[in-house]
Each structure stands twice: as C-alpha cells, then as structure tokens.
Amino acid sequence: MRHIISVLLENESGALARLVGLFAQRGYNIDSLNVAPTDDPTLSRLTLVTQGNDQVIEQISKQLHKLIEVVKVSDISEAAHIERELMLVKVKANGNQREEVKRCADIFRGQIIDVTPTTYTIQLVGTSDKLDAFIQALGATPILEVVRSGASGIARGEKTLAL
Amino acid sequence: MTSQTKSVDTTKAPEMLSGAAMVIRALADEGVEYLYGYPGGAVLHIYDALFQQNKVKHVLVRHEQAATHMADAYARASGKAGVVLVTSGPGATNAVTGIATAYMDSIPMVVLTGQVMSHLIGDDAFQETDMLGISRPICKHNMSVRRPEDIPYLIKKAFHIAQTGRPGPVVLDIPKDMTMPNQKFAYHYPSEINLRSYQPKQQGHAGQIKKAVTALLAAKKPILYAGGGVIMGQAAEELTELAQLLNLPVTNTLMGLGAYPAGDKQFIGMLGMHGSYEANQTMHHADLILAVGARFDDRVTNNTKKFCPDATIIHIDIDPASISKTINAHIPIVGLVKPVLTEMLAVLKQKKKKLDTTALQSWWQQIAQWRAVHGGRYDSATPLLKPQYVIEQVSKITKGDAYVCSDVGQHQMFAAQYYQFNKPNRWINSGGLGTMGFGLPAAMGVKLNYPDADVVCVTGEGSIQMNIQELSTCKQYGLGVKIINLNNGYLGMVKQWQDMNYESRYASSYMDSLPDFVKLAEAYGHVGIRVTKPEELQPALERAFALKDQLVFLDIHVDPKEHVYPMQVPGGAMNEMFLSKTERT
Ligand SMILES: Cc1ncc(C[n+]2csc(CCOP(=O)(O)OP(=O)(O)O)c2C)c(N)n1
Ligand SMILES: [Mg+2]
C-alpha cells in the first residue's frame, strides 16, 4: 500500500542524509521525497511517499522516530489529508499540436508558463495520480522533459504536525 | 593550564580555553578517567592539551580497533560510556569495526575522530575520509564541530545521546582548525542537556503493565526470557526478584548472561542457536513469554514462522523499533527495564496473587525431563583436552566471579555455555557483530578499570591473532589479563559448519604456521604456559591465577574435532536441534 509520511526534522546538516540512509540500509523504498524549511527556519518539513504493508510502515515510522534529529513523524495517509505535487512538463508544440496541448492543459487546470515557437512548458499541480493522468492525456505529443516535486501533504481539519 | 585555572578567582569570569583544551577539559568534567587512543596529525593539538593536564589519562594502544574495544568493554562492565580518540583518515577507519561492534550490542561509547582543516574538507586532502558518512549507519548518532566554542556542548550532547534511551556509540568529528592552541574561547560545560527531538521514554505505560501482570498470572507454562537490556539497564536485581516471586523458569540470551544467576535452580541456560536443550524446549512450548530487554534476534528465534506457536508475548524494551520487529508482541511495553520491572513488582505485590501452582508444578516437571535429555553433556571419554572442560575449570577456579571477555568462535559458545555467570556485567562478548579480535582488548579495558578483579580472555588461535599486537600495550600498562587460548588449530566454528554443511571440505579453515604462543608471550615480556594434556591443566591454571599482576598466556591445546552442541537445525523451530554429531531431535 502507498503511504504518505510526514516528518518534522531539525534543519541541520547531515539530518537529511541520515534519514535517506536509513531507507537504503533497511531496504525500504522511497517513491518520492520532498523537503524544505518551514516558517521556523530551524525545522524542515519532509514528505515521503513509500510502499509497504502495515508492519513495514510501522517499522519505518519507528525507525524514523529513532533518528536523533527527527522531531515528529506522522503517516498522514492514515486519515483525511490533502496531497499535492507540482509538475513542470516541456513538450514539443508545433502547428495543430499547439491548440491541442493548450486544450489539454486547460482541462487539467494547468498553466502554460513558458512559450517558444516550437515548445510549451506547462505547470500542473495536483495529486500524483492527476499528474500521471495528464502525462497519459498528452498522448502522441512529444514530451521533452518532466520535472516533478514529489508529493507534499497535510492533514485535513485541525490536526497539525508541529512543535 | 592548571596555573591558568588558579589565576581565575572569580566564579563569574569565564575561563578561556583553546578548542583542544576544551575537548580534554570537557571529558574531565564529564568524569572520564581513561581515554583510549592513538595520535596523528589531525589530533596533535588535542594530544598536546592532554599532555598538559593530569585528570584524564591516556592509554596508547597499538591499533585503533583495540582502543574502541577497550572503551566498549569498560562500558559493558561499568555501564558508563567509554571514550576513544583517534586521528583522521586511517585512524578513523581503523576504529570502524569497534564502533560497529558497540552499535550492534547497544553499548555507550563516545568516539572523537580528528578531521582535516575545515577549509580542506572535500578536497581529498591528506588523511581525509568522510567519517560522518562512513560511520552514519553504524552509530547511534554522529556530529561534527563547526565552531570551537560549541565543543563543550557537543561533548555533553554526545554523552547524553550515548548513555540514554537505547545506548550506543556516538561519533564526534573534530576538524583540526577547531582545536588551534592560540585561539581561546569562554569555556562552560553544561550540566545537562535537553533536545526537543530526542526525549527517550523512561517509565512504561501503567495500563500496559497491569495488562502484562494479568496475562502473566494467568499463564500455565511461562518463561522469562532476558537479554542484554537487563544488563545495560542495570535491572538484574529486579529481574531476579520477579522470577523468584513467581517461580518462573529463566533463560538468558547470549547478551543477557548474568542477568539471572546461572547457579540458581530456576535458571535453564542460554537459549538460541547454541542454547541449552531445556531452554529451547521450554521456550518453544511456553504459553507465555515475558521478554525483557531482548530483541528476538535471528540467532534466538530460528525460523520465525515456526517460532513458539502457543505463546502470548509480553515484550519490555526501551526501543519501540525492537518491539514487533521480527516477532509480534501481544503486550508491548516501551520503557527502561528497571522502572518497568519495579512497577510490575509493585502491582504483583499489591495483587498478592501467584500463578496456578499445579500448572506451574507440572511445567517444572516437564522442564526437569528436558533437562535430563542433554544437560550440557559432552564426550569426556577421550585422552584429549576438551574445551568445555577447560571452561568448567576456569569457572571453578575463579568461582564464577571473573570478568570473562571472549573472542568469537566455538570457544565463545563454550564459554557462554560452561562458565557459570552469577553476576551481571561479567560476560563481555561481541554478540551482535561477532567481531574476532574483540577479546584481548576487551579484557584490557576491564582490567585497567578493575585492577583487583580476575579478568580472563577466552580466545582461539584464530581470534587472538587479530589483535595480538596489544600484548605490547598490556606490558606498558601492566595489565595482568589471563589469556585462555583454546587452541584447536582450526577456525573451529567455520570448520564445524564445513563439517555439517560442506562434507568436511575445509576451505581455508585450517590455521597453518601458527606461532609458538609461549615464546610470543615471552617476547612481549609476559608469561606463557603450554598445556597439552588434561593433567597439566589444573596446575597451569593455579599458577596463572596466582601470578596476580602478570599477564599469563595459556596456550591450551584442545580436541580439534569438537563441535558446539546443541545446535538449532537451520530453518527449524526453536526446539529442533542437533544434540551431538549423531543425534538430533
Ligand atoms: C573479523 C571476523 N572475521 C571472520 C569471522 C568469521 N568467523 C567466525 S568464527 C571464526 C573462527 C574463529 O576461530 P578461532 O578464533 O580459532 O576460534 P574457534 O572457533 O576455533 O574456537 C571465523 C573465521 C568473524 N566472526 N570475525
Ligand atoms: Mg581455533
């Protein structure tokens, strides 16, 4: 099962390497990883997407807790949550294709953020599934480049992962 | 430095110290008596600061690995973190095996590694290694110094992390420019430290403890399974009280030997791969397992799918990640074993209930039958010296009261099986990593700190040669360790596996061209005694232990064909064992 794990981490050098190393050492996989400082510059917020059965996820969360720099860990996919990922896609856009790509981007509520006579760069935000679907929908349009941020997540309602 | 200290009279004015002096001063303020290490370019400022004071004493080993094992063994015997100082590059990499050894057995240790100047880091400078990167997966935590004025705080933090929660080694990497003798900073050693991201639990959950007591009281076939957590958690007394209050059979893991006195009738021996027949049977058939500070290691459980089918499992451990990792716990209790056991005892005494006596009696009868099946027998009808017999005699002559520091191999298992450990912290071995070469430096670390105690190194002709150079350190510091070299002329444990699994094809398990260990010991200035016949053993042991302050190397030639039994059948349940070369369950 796919899980989205949120981690509040001391924003110190080496902390991220330790966390990533843990996944490699213990053979857990990382589908995506997204990390940046929070409003409090001493803390980083990290969102990690991984796969595993309940036992594996429980071990992952316990092992994360054990890292000295980890302040809090939460499997936000266990309850109602919001997931967003940012994608930038550069596609070839010539002649008729230009209209088609634009229409497709509109349907997915994407924005064209850079234009050349032969290319479009589209920005799209949504769940990882939605981004996958957009790539499918581009169909025969030649994709030149895809950049994805990995999912970020937050719990719905009043629940927070904070100090 | 001392004169400087004297000249500062007001308590307010901060003392100004260089980074190097702060390293040593912080260790002194932490109460560190011995520092085990080896000098080199990156730590020369620190060594110079060490030279100019006399609170912290330095022990110069002959190889950095030995420094780590000395510090580690001191920690195992005392419960306090041992401290190591090595230089960058090769000094640091030589310490790696010792750090990993301590990590696998959850031993508190603080390792200070030199590093090249900050501005050279990343340039492949002379003797530069990324020690933070190398040590990351084999230590509890690591850090580097970025500002000299942070040194006291970082050293306090290193001790705090190493010694609390589930203990472990902490590495502090110190670039050379953090220790410049002419740059001085205000020194203040923090008395305590509070980390928002690290708040290890102490007490167990009261509700869980009550639940555990209820389950325990309802058991008909209980077993108490105690591990290294009881030793490091200093809870042997509470464990013993609990076991005796309820008349529970007790088994110890390899790491837990001494947690419950081996001479007591409730002790059924070590369990696991080379555990006693009765311990493995009792465990397998138990309806309730009370696991205390043990981690259901694969050398204990054998095939987890066949593990103890009928047991309700109560698991007490400081590390939540150890609970339900390999074996699912029905009643998990996270906390330090000492307060948890104390609380359990309080609840039990308040309830004034015992287990069902009839059920417990028939359980003990069953255990007695299992005991009669094997009972630690070995074939003694040969003219050759048996390694088991040697250990029994060492146990007798030291009255089960020596510190026994072991290397890794058959001799280690014989020592675990046949030495009667009646006290905690006396059995010192590399259980998790299985590091050959651990024994001698470990014995040195203990002897240095407990000069009046009998300290024995049980080893084999293979293992001893992995750190034999330390015989020189022993001479320098007058460490009267007794080395029991169970010389079978083979990498015996490897040979045993080759006998059992590879039709006795001894690929590189024969120890050819062995040195004359007696002459070797003498060359280093020690006493060497060779024992080749059973009747020579007793007088040799008597002589060795009478030579109180001298290192005696007993080169004891034992039966090269001997195997360690019982041995669990690979892939089987706890209770499937080979009992001798010709019998299995
Ligand atoms: C550093 C290291 N290398 C290899 C091994 C694998 N190993 C385990 S036991 C053993 C043989 C040990 O031989 P010896 O010290 O003579 O003890 P014996 O088994 O003969 O009693 C070996 C090679 C190990 N545990 N540690
Ligand atoms: Mg041998």
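Probe of 1.4 angstrom, ligands and nucleic acids ignored: what's the accessible area per residue over the stretch B:5-194, in square angstrom?
For the stretch B:5-194, the per-residue accessible area is 38 Å².
Per-peptide packing, taken as the mean over residues of other Cβ atoms within 10 Å, places B:199-210, B:410-421, B:140-151 in the sequence B:410-421, B:140-151, B:199-210 from highest down.
Near the amide H of B:Asn142, within less than 5 Å, lie the amide hydrogens of B:Val171, all on another chain or at least 5 residues away, with H placed in the peptide plane.
Distance between the pseudo-spin-label points of B:Gln52 and A:Met1 (7 Å out from Cα toward the beta carbon): 6.2 nm.
The calculated FRET efficiency for the pair B:Leu120 and A:Leu88, based on their C-beta separation and a Förster distance of 30 Å, comes to about 0.20. Could you please state how large a percent of the accessible area of the stretch A:1-104 is carbon and sulfur, counting protein chains only and using a 1.4 Å probe? The nonpolar share, carbon plus sulfur, comes to 51 percent.
If you take the square roots of the eigenvalues of the alpha-carbon gyration tensor of the stretch A:82-152 and sort them as a ≥ b ≥ c, do you get rounded (a/c under 1.5), prolate (a/b over b/c) or oblate? It is prolate, given that a/c is not under 1.5 and a/b is the larger ratio. Of the accessible area of the stretch B:387-564, computed with a 1.4 Å probe over protein heavy atoms only, carbon and sulfur atoms account for 51 percent. Highest mean packing comes first when the peptides B:397-408, B:520-531 are listed by Cβ atoms within 10 Å, giving B:397-408, B:520-531.
Using a Debye calculation, one point per C-alpha and no hydration shell, please list log10 I(q)/I(0) for the stretch B:206-373 at q = 0.10, 0.11, 0.16, 0.18 Å⁻¹ in order. Results for the stretch B:206-373 at q = 0.10, 0.11, 0.16, 0.18 Å⁻¹ read -0.31, -0.37, -0.85, -1.12. Cross-link partners among aspartates and glutamates for B:Lys519, C-alpha distance below 19 Å, same-chain residues fewer than 8 apart left out? Answer for B:Lys519, where 19 Å is the Cα cut-off: B:Glu461, B:Glu470, B:Glu536, B:Asp555, listed by chain and number. Counting Lys and Arg as +1 and Asp and Glu as -1 over every other residue whose Cβ lies under 15 Å from the Cβ of A:Ala137, the net charge comes to -1. Among the chymotrypsin sites (Phe, Trp or Tyr not before Pro) in the stretch A:63-144, none is located in a DSSP loop while being surrounded by at most 12 other Cβ atoms within 10 Å of its own Cβ. Taking Cα atoms only, the orientation of helix A:54-66 departs from the longest principal axis of chain A by about 70 degrees.
Going Cα to Cα from B:Lys140, which lysines come in below 23 Å? Please leave out same-chain ones fewer than 8 positions away. Within reach: A:Lys62, A:Lys66, A:Lys72, B:Lys80, B:Lys156, B:Lys157, B:Lys201, B:Lys325, B:Lys338.
In terms of accessible area, using a 1.4 Å probe and ignoring ligands and nucleic acids, B:Asp319, A:Asp132, B:Asp454 rank largest first as A:Asp132, B:Asp454, B:Asp319. Centre-to-centre, using Cα atoms only, the stretch B:198-259 and the stretch B:354-390 are separated by 23 Å. Taking the C-alpha atoms only, the angle from helix B:64-78 to the longest principal axis of chain B is near 60 degrees. The accessible-area loss of the stretch A:62-79 on complex formation, taken against its chain alone with a 1.4 Å probe, reaches 40 Å² or more at A:Lys62, A:Lys66, A:Ile68. In this structure chain A gives 52 Å² per residue of accessible area when probed at 1.4 Å with all protein chains present.
Selection among A:Gly27, A:Leu46, A:Leu64 by position relative to the dipole of the stretch A:2-79 gives A:Gly27 as farthest towards the positive end (Cβ unit charges, Cα centre). For the stretch B:108-205, applying the loop criterion from DSSP together with a ceiling of 14 other beta carbons within 10 Å to the chymotrypsin sites (Phe, Trp or Tyr not before Pro) yields B:Phe126. Positive contributions from Lys and Arg (+1) and negative ones from Asp and Glu (-1), summed over other residues with Cβ under 12 Å from the Cβ of B:Glu343, come out at +2. Amide H contacts of B:Glu15 (H built 1.01 Å from N, in plane; Pro and chain starts excluded): B:Tyr187 sit under 5 Å, all sequence-distant by 5 or more or on other chains. Shape class of chain B from the Cα gyration tensor (axes a ≥ b ≥ c, square roots of the eigenvalues): oblate, since a/c reaches 1.5 or more and a/b does not exceed b/c.
Helix B:151-163 and the longest principal axis of the C-alpha atoms of chain B enclose an angle of approximately 0°. Which percent of Cα pairs goes in each bin when the distances of the protein assembly as shown are cut into 20 angstrom slices starting at zero? Going out from 0 Å in 20 Å bins, the protein assembly as shown shows 15, 41, 32, 10, 1, 0 percent. Burial annotation for the stretch A:1-19: residues with an accessible-area loss of at least 50 Å² between the isolated chain and the complete set of protein chains, computed on heavy atoms with a 1.4 Å probe, are A:Arg18. In straight-distance terms, cross-link reach from B:Lys495 covers every one of the lysines whose alpha-carbon lies under 19 Å from its own, apart from those fewer than eight places away in the same chain; here that gives B:Lys386, B:Lys561, B:Lys581.
Interface between chains B and A: roughly 1600 Å² of accessible area buried, both sides summed (probe 1.4 Å, protein heavy atoms only). A cut-off under 10 angstrom between Cβ atoms defines the neighbours of B:Asp29, and their net charge, with Lys, Arg +1 and Asp, Glu -1, is +2.
The values are calculated or read from the model by the stated rules, or taken from the named source; none is laboratory data. The shown structure was predicted, so the numbers you read here are calculated from the model rather than taken from an experiment. No Cβ is skipped: glycine too gets one built from the backbone with ideal geometry, and neighbour counts run over all protein chains shown. Note: accessible area is taken over every heavy atom of the protein model, side chains too, but ligands, DNA and RNA are not part of it. Shrake-Rupley method; radii C 1.70, N 1.55, O 1.52, S 1.80 Å.
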